[in-house]
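Asks: Before we start, here is the structure in question, set down as structure tokens.
The values are calculated or read from the model by the stated rules, or taken from the named source; none is laboratory data. Remember, it's a predicted structure, so these values are computed and weren't measured experimentally. Backbone-built Cβ (ideal geometry, glycine too); neighbour counts: all protein chains shown. Please note that ligands, DNA and RNA were not included when accessible areas were found on the heavy atoms of the full protein model with its side chains. Shrake-Rupley method; radii C 1.70, N 1.55, O 1.52, S 1.80 Å.
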Amino acid sequence: MSQRNQTLGEFIIENQSSFKYTSGELSRLINSIRLAAKVVNHEVNKAGLVDILGAAGDTNIQGENQQKLDVYANEKFIQTMTDRNIVCGIASEEEDDFITINSKDENHQNKYVVLIDPLDGSSNIDVNVSVGTIFSVYRRVTPVGTPVQLEDFLQKGTKQVAAGYIIYGTSTMLVYTTGDGVNGFTLNPAIGSYYLSHPDMKFPEDGRIYSVNEGNYIHFPKGIKNYIKYCQMEEGDRPYTSRYIGSLVSDFHRNMIKGGIYMYPKSSKASNGKLRLLYECNPMAFLAEQANGKASDGFTRIMEIEPTELHQRVPFICGSKNMVEKAEEFMRNAE
Ligand code: AHM
Ligand code: MG
């Protein structure tokens, strides 16, 4: 039961017992993510000062080496989770291979692995547009007490126990699910606490926003082209509005609040689209479904796709249920 002015810390404690595997480990994991997110947020907010503080690769006035923000975010999240001895393995969009964490307890007792895109949409940083962090949590499938293996990370999205994102926007928010709905918390930067600002978030069943990089239109499959034409047609509540930030977390967040569809289809240039199944699509799909929305590759539910490699890409269509179903109908009809 949420209450006014509830902080994320209070919310985690209150809801810990409703989670089916209650050991407190998952709560500690969410706690470490919120902590790293505060540190990254601080750095992201300074991005505009780059000319003053020095660009990536430079040494700043304090003698510190300036890093690219996506590299910085990657290190912060990994360091925070490693130091706190919470997970047994991490895979990151920024790393070629997964990282095995040697637990400080005897025999690697931790049971969760985290997959993370530390700073998604980071090309937007230079122009002061919102970016985000996306994370996904699974229980390992190999025995506790042994080093993690690739198969611990290559699990279907349906196996996720938690997923979420941090959006570094006009305000910073942490939005996450542990499989019991989606809740959004806004950071009060003055005191460094997140407050429950968006309880039980839901996609409207229908929406009027479509988000896709229409510059790639000529390369899209027939079904997507036809669906885009449908969105633009004058009929009923159409034409829809086109809104594309080019920052998945921001586009998703707006569409969840207002109702809409996000698409990154395959194209004649990129046969599986651009987005990564494990770091971007599965966590967003889990959030979408927990918020009454849908996520598909055009034909198959995203969370049912069997992963074959860490950095696998898939076409991604996600958002308000009726809109995604309509886009799927166009895909089927164009086969
Ligand atoms: P990134 O992981 O390299 O940051 O790329 C992912 C981003 C998404 O946030 C965004 O929706 C998409 O790439 C935009 O791509 P494009 O510029 O091709 O439209
Ligand atoms: Mg990314």
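Asks: At 0.36 nm per residue, minus the direct Cα-Cα distance, what do Tyr217 and Ala270 gain on full extension? Give it in nm, one decimal, please.
Replies: Details: separation 53, 0.36 × 53 = 19.08 nm, distance 1.26 nm.
Fully extending the segment from Tyr217 to Ala270 adds 17.8 nm.
Asks: Per residue, how large is the accessible surface of the chain? Use a 1.4 angstrom probe and give square angstrom. Numbers along the way, then the final one.
Replies: Values: 15160 Å² over 335 residues.
Result: 45 Å² of accessible area for each residue.
Asks: Which order, highest average first, do 232-240, 173-181 follow once you tally other Cβ atoms within 10 Å for each residue and take the mean per peptide?
Replies: Values: 232-240: 10.8, 173-181: 19.7.
In decreasing order of mean packing, 232-240, 173-181 become 173-181, 232-240.
Asks: How much of the calculated P(r) for the chain lies past 32 Å, in percent of all Cα pairs?
Replies: Of the Cα pairs, 29 percent sit more than 32 Å apart.
Asks: Taking 0.36 nm per residue of separation and subtracting the Cα-Cα distance, what length does fully extending Asp206 through Glu309 add?
Replies: Numbers: separation 103, 0.36 × 103 = 37.08 nm, distance 3.39 nm.
So the chain would gain 33.7 nm between Asp206 and Glu309.
Asks: Under 5 Å between amide H atoms, partner at least 5 residues away or on a different chain: which partners does Tyr112 have, H built in plane at 1.01 Å?
Replies: Cys88, Arg140
Asks: Further question: Could you tell me the convex hull volume per residue, in Å³, taken over the Cα atoms of segment 170-235? Don't skip to the end; give the middle numbers.
Replies: Details: hull volume 11.4 nm³, N = 66.
Taking the convex hull of the Cα positions in segment 170-235, it is 172 Å³ per residue.
Asks: Could you order peptides 87-95, 210-218, 121-129 by the average number of other Cβ atoms within 10 Å of their residues, highest first? Walk me through the intermediate numbers first.
Replies: Details: 87-95: 21.8, 210-218: 16.6, 121-129: 14.9.
In decreasing order of mean packing, 87-95, 210-218, 121-129 become 87-95, 210-218, 121-129.
Asks: Could I ask something else about it? Could you point to the residue in Ile257, Ile224, Pro307 farthest towards the positive end of segment 209-333's charge dipole, with +1 and -1 charges on the Cβ of Lys/Arg and Asp/Glu respectively?
Replies: Farthest towards the positive pole: Ile224.
Asks: Determine the dipole magnitude for segment 182-335: charges of +1 sit on the beta-carbon of Lys and Arg, -1 on that of Asp and Glu, nothing else is charged, the reference point is the Cα centre, and the result goes in debye to the nearest 20.
Replies: Working: 19 positive and 18 negative charges, 83 e Å.
So the magnitude is around 400 debye.
Asks: Moving to a separate point now. Could you bin all the Cα-Cα distances of segment 209-333 into 5 Å bins starting at 0 and give me the percent of pairs in each, rounded to whole numbers?
Replies: 2, 12, 23, 26, 22, 11, 3, 1, 0
Asks: Then there is this: How much net charge surrounds Tyr230 when only the other residues with a Cβ under 15 Å from the Cβ of Tyr230 are counted, with Lys and Arg +1 and Asp and Glu -1? Mind dumping the intermediate values first?
Replies: Working: positive: Arg208, Lys222, Lys225, Lys229, Arg238, Lys326, Arg332; negative: Asp206, Glu214, Glu234, Glu235, Asp237, Glu325, Glu328, Glu329.
Here the count lands on -1.
Asks: Can you give the net charge of the other residues whose Cβ lies under 13 Å from the Cβ of Glu328, counting K and R as +1 and D and E as -1?
Replies: Values: positive: Lys294, Arg301, Lys321, Lys326, Arg332; negative: Asp297, Glu325, Glu329, Glu335.
Here the charged neighbours net out to +1.
Asks: While we're looking at this one, here's another question. Which length gain, in nm to one decimal place, applies between Asp97 and Glu43 when the Cα-Cα distance is subtracted from 0.36 nm times their residue separation? Please list the in-between numbers first.
Replies: Working: separation 54, 0.36 × 54 = 19.44 nm, distance 2.57 nm.
Result for the pair: 16.9 nm of gain on full extension.
Asks: Using a Cα-Cα cut-off of under 20 Å, which lysines could be cross-linked to Lys156, ignoring same-chain neighbours fewer than 8 residues away?
Replies: Those lysines meeting the cut-off are Lys20, Lys111, Lys274, Lys294.
Asks: Excluding residues on the same chain fewer than 8 positions from Lys202, give the aspartates and glutamates whose Cα lies under 14 Å from its Cα.
Replies: Of all the aspartates and glutamates, those that pass the test against Lys202 - Cα under 14 Å, at least 8 places apart if same chain - are Asp180, Glu289.
Asks: Mean-square fluctuation check for the chain, GNM, Cα pairs under 10 Å: which of Ile33, Ile166, Ile257 is largest?
Replies: Ranking Ile33, Ile166, Ile257 by mean-square fluctuation puts Ile257 first.
Asks: Which of the DSSP-defined H helices in the chain satisfy a minimum axial length of 27 Å, computed from C-alpha atoms, and a minimum mean Kyte-Doolittle hydropathy of -1.0?
Replies: Working: long enough: 25-45 (30 Å, 0.07).
Sorted by number, the helices that extend far enough and score high enough are 25-45.
Asks: In whole Hz, with x marking every Gly and Pro, tabulate ³J(HN,Hα) for segment 188-196 from phi via Karplus 6.51 cos²θ - 1.76 cosθ + 1.60, θ = phi - 60°.
Replies: In residue order, the calculated couplings are 8, x, 5, 10, x, 10, 9, 10, 5 Hz.
Asks: Right, here's the next one. Suppose only helical runs count, i.e. DSSP H with n ≥ 4. What mean residue ellipticity at 222 nm does that imply for the chain under -39500 (n - 2.57) per run, divided by all residues and rounded to the nearest 500 deg cm²/dmol?
Replies: Details: 9 runs with 96 residues, N = 335.
Helix contribution divided over all residues of the chain: -8500 deg cm²/dmol.
Asks: Next question, about the same structure. Run the dipole for the chain about the Cα centre, Lys and Arg Cβ at +1, Asp and Glu Cβ at -1, nothing else charged, and hand back the magnitude in debye, nearest 20.
Replies: Numbers: 34 positive and 41 negative charges, 138 e Å.
It comes to approximately 660 debye.
Asks: Give me the aspartates and glutamates in straight-line cross-link reach of Lys266: C-alpha distance below 12 Å, same-chain residues under 8 apart excluded.
Replies: Asp297
Asks: Next question. Expressed as a whole percentage, what fraction of the accessible surface of segment 64-179 belongs to carbon and sulfur atoms when a 1.4 Å probe is rolled over the protein heavy atoms? Display every interim value, and only then the final one.
Replies: Numbers: 1890 of 4660 Å².
Carbon-and-sulfur percentage of accessible area, whole number: 41.
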